[in-house]
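Asker: Quick one: the structure is below, questions incoming.
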């Protein structure tokens, strides 16, 4: 109850009293009864009470309201404070009253307002931060959890805010990192693309379209980064691959240049290639140095160089081959089955089956061998040459001796005379030459362990045959001489009996001197007449010696000769022939002058054939057909000797498992002999 | 491909092989019967399909050659100088005739209906098998050869005789009075064997020096230009070649390619037209003494039997192997074109 001042009360009472007084007056006037007056007074009191009551209620209510408001405010304040993480501002002691309610309210309200404001601000901050976080999250990890916009209002504390700020910061950092990474990648990629000649824009666009666009913000998602990294890795691999390839090509190129002495100008063209030959992957940064086009350009060049090399090799091989053949020819070395080697070698090189350098080496080796062999043979070969020339001179001399006009003085006669003299001297030296030759050859063969061949024929054989031929000729000459002597005697006797007769030595139209031939085993017989001797002198000597004993004449005479002349000659020729045949045919056909294993001299065979043919005709004319032991030497193999091998093993030296004996036997014959002999 | 198992050494080994060297073996022209002549004095008949010895005929001396008459009988050439016929079923033996020295080769010519034998008495004799057992009725003719006969081969009416001294005579069976051609072997060493090509255009000669010559009957230049020789059955050791005699040759009846067998124990198959070696079978235990293709070319009988090339020495036991032939081993291979340079 408020303190109503006494004055007021007095006033009130006065007012009320006056009213009452007035009322009493009125009633008096009216004449209201007492009950009526009392009733009205009661009513009046009651109404007054009512009014009081109302007012009081109102005031009460207002007070309650205030209290409520205060409480609410306090609660709110508390809530805000707690949400914001601040200690409650207003600590209210419910019992203690700082002031009256209105005061309280007034004190709280601004605080509340303040706090509300602050909360609102804080909330705004939160929202901001979270918005930013959200945005960056979307950029950085679009597929992952995106924090919602919802702010937890129960925690608006600074601490939380700071947390969020930190989060934002880290996200931003991450974003920046990624951006940087991507920019790095992009620059690397750019580099690689430039080196490899690959279009950068397309590559990049493929990975993510935003990367190519200068305007849009680039995608920085994990996927993008991964793809970039893979692309870079891939391109780097390609780069290394190509680089290696290029370096291989470059080194091949250098080799080829080296091999073929390529001029500097040509080499300069490819300087940019060869300069990188030892570079590492990082060092190659020039644009298009590893592009596909460039690589194929270099490749082509290498190919061209290689083809050039092959053709040069071929040339070289051919050259070497001819060199080898020349050397062989000079050294009179014959190699079997050499004909097909060049063709095989060339075609093999062309088809790439054999490396030309191998063939070259082989040929070089052969050349060295041949040279070495030729060197060792040199001395003997020289002697052989001398011997051959001597034989030629001998042959010439024989021709010369048969020339009737040789002593005629003509142009150059003195020269021929000189030559004849030299030839005679040379001819006399021949046997000595042959002996030394044989000795040397034997020694050589012993040292080397193989036979000395001259153009494919065993030289010793040749010499042996030659010697035999010579000996036979000697014998023949001797025979002729003897025969001449006898004839001379006969003539002389006849002369003694009948007068002089023409010398039998003159009209021998068919006299043919056995030609000496060298190197072969052919012999030509004299036929169609007594062969005259080599030199004219003995002839004359013979006719001079025509005085022979009569005994011999008797012997001859007993062959029924009365007439000198042709028949005599004929018969004696027959004798000569038969005797000659007896003496001069030591060999049966097919007997081994040429042992089974050796190869007969090829070059001489055509000579045999042709001389045989030539000789046959005159024979027939003279009705004399001497047997030609010339066939003895021919082991005619019409069937070609084993030609070039096909598809098979290379030839080394042979060692035949079973040897060929003089009388050959087959394995079965030997086996049977063994069995029969008592196995 | 085959029902029987193939051993790694090269074919089924026939059971009950001869107890001494095998001189020759032949497949029949009508079935897979194999006739084998041996130094153990027997002539044996095998059924290859069943790997069983069906008949065995003892002689007085080593049997040096054999051939079929038909599936029921065959001829033998023996070192006891005789030529005989045997009927396999009945075991009956007919005496055809004799030479003056061991009979080395025997062939039967279906075209002429005659048996032809070559002997070390330097003669060739032709016999009429119907005249067997009666003296002198069987002998049709005797033809002198330059030397001892070492090998014979027939194709059609042509007969090729290879003798010692490297002589080769070609006869026409219809006119044996003299050889159609007298030739000399183009190989420089002793002839081991001669075989005619199934197509009748020529013959192959093999020598003791690891070489085979391919010859042709046609003496024209064009045909003779085709002839050639090649080295085979050689081993290269330290730069030297060891050379082995080529004892046997056999032509494949269908493809015309041929197999050679040498003392090195190898059998090689060659394509004569394309001058290539088609195949080499794995090494046999000892020298190859004889080869024969079956009539359909699906089997090859190989006699792995020491042939006395080094005299009396210890050697692997004599055995007969029968191989199943794969087409790839015998089919001719025409020359591949050279690969053009890249």
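Every number in this text was worked out from the coordinates using simple rules, so none of it is lab data. For clarity, every value in this text was computed on a predicted model and none was experimentally measured. Please note: Cβ atoms are built from the backbone with ideal geometry, for glycine as well, and neighbour counts cover all protein chains shown.
Asker: Can you sort A:243, A:462 from fewest to most other Cβ atoms within 10 Å of each residue's own Cβ? Mind showing how you got there, number by number?
Answerer: On the way: A:243 21, A:462 24.
By the 10 Å Cβ count, ascending: A:243, A:462.
Asker: Using a basic spin-label model with each label point 7 Å from the Cα along Cα→Cβ, how many nm lie between residue A:172 and residue A:111?
Answerer: According to this spin-label approximation, the distance is 3.7 nm.
Asker: Okay, moving on. Averaged across B:61-67, how many Cβ atoms of other chains sit within 10 Å of each residue's Cβ atom? Walk me through the intermediate numbers first.
Answerer: Details: counts 3, 5, 0, 3, 1, 0, 0.
Average per residue, whole number: 2.
Asker: What relative contact order, as a whole-number percentage, does the range A:242-321 give when Cα pairs under 8 Å and 6 or more residues apart are counted?
Answerer: 46 percent
Asker: What's log10 of I(q)/I(0) for the range B:111-214 at q = 0.15 Å⁻¹, Debye sum over Cα points only, no solvent?
Answerer: Debye output, listed in q order: -0.59.
Asker: Once the Cα gyration tensor of the range B:225-342 is diagonalised, what are the square roots of 5 times its eigenvalues, in whole Å and ordered largest first, as equivalent ellipsoid semi-axes?
Answerer: After scaling each eigenvalue by five and taking roots: 27, 20, 12 Å.
Asker: Moving on to the next point. Taking only the C-alpha atoms, wrap a convex hull around the range B:188-293 and report its volume per residue in Å³ as a whole number.
Answerer: Residue-normalised Cα hull volume stands at 110 Å³.
Asker: Kindly rank B:44-53, B:249-258, A:173-182 from highest to lowest mean number of other beta carbons found within 10 Å of each residue.
Answerer: Final packing ranking: B:249-258, B:44-53, A:173-182.
Asker: May I ask you to derive the FRET efficiency for residue A:199 and residue A:362 from their Cβ-Cβ distance with R0 = 45 Å, giving the value to the nearest 0.05?
Answerer: Numbers: r = 53 Å, r/R0 = 1.18.
After rounding, the FRET efficiency stands at 0.25.
Asker: Only counting other Cβ atoms within 10 Å, I'd like A:277, B:116 sorted with the fewest neighbours first.
Answerer: Fewest-to-most ranking of A:277, B:116: A:277, B:116.
Asker: Okay, moving on. Say each of residue A:442 and residue A:428 gets a label point 7 Å from the Cα, pointing the same way as Cα to Cβ; how far apart are those two points in nm?
Answerer: With each label placed 7 Å out from Cα toward Cβ, I get 2.6 nm.
Asker: Right, another one. Would you tell me the mean number of C-beta atoms belonging to other protein chains that fall within 10 Å of each C-beta in B:222-235, as a whole number?
Answerer: Counting other chains' Cβ atoms within 10 Å and averaging over B:222-235 gives 4.
Asker: What order do you get for A:48, B:126 when you list them from fewest to most C-beta neighbours inside 10 Å?
Answerer: Ascending number of Cβ neighbours within 10 Å: A:48, B:126.
Asker: Let me confirm one metric for peptide B:189-200, namely the mean number of other chain beta-carbon atoms within 10 Å of its residues' beta-carbons.
Answerer: Shielding by partners across B:189-200 averages 2.
Asker: Obtain the radius of gyration and the Kirkwood radius of chain B from its C-alpha atoms and give Rg over Rh.
Answerer: Rg/Rh: 0.96.
Asker: What's the extension gain from residue A:27 to residue A:300 if we count 0.36 nm per residue and subtract their Cα-Cα distance?
Answerer: Result for the pair: 83.9 nm of gain on full extension.
Asker: For the range B:244-310, what is the convex hull volume of its Cα atoms per residue in Å³?
Answerer: Value for the range B:244-310: 73 Å³ per residue.
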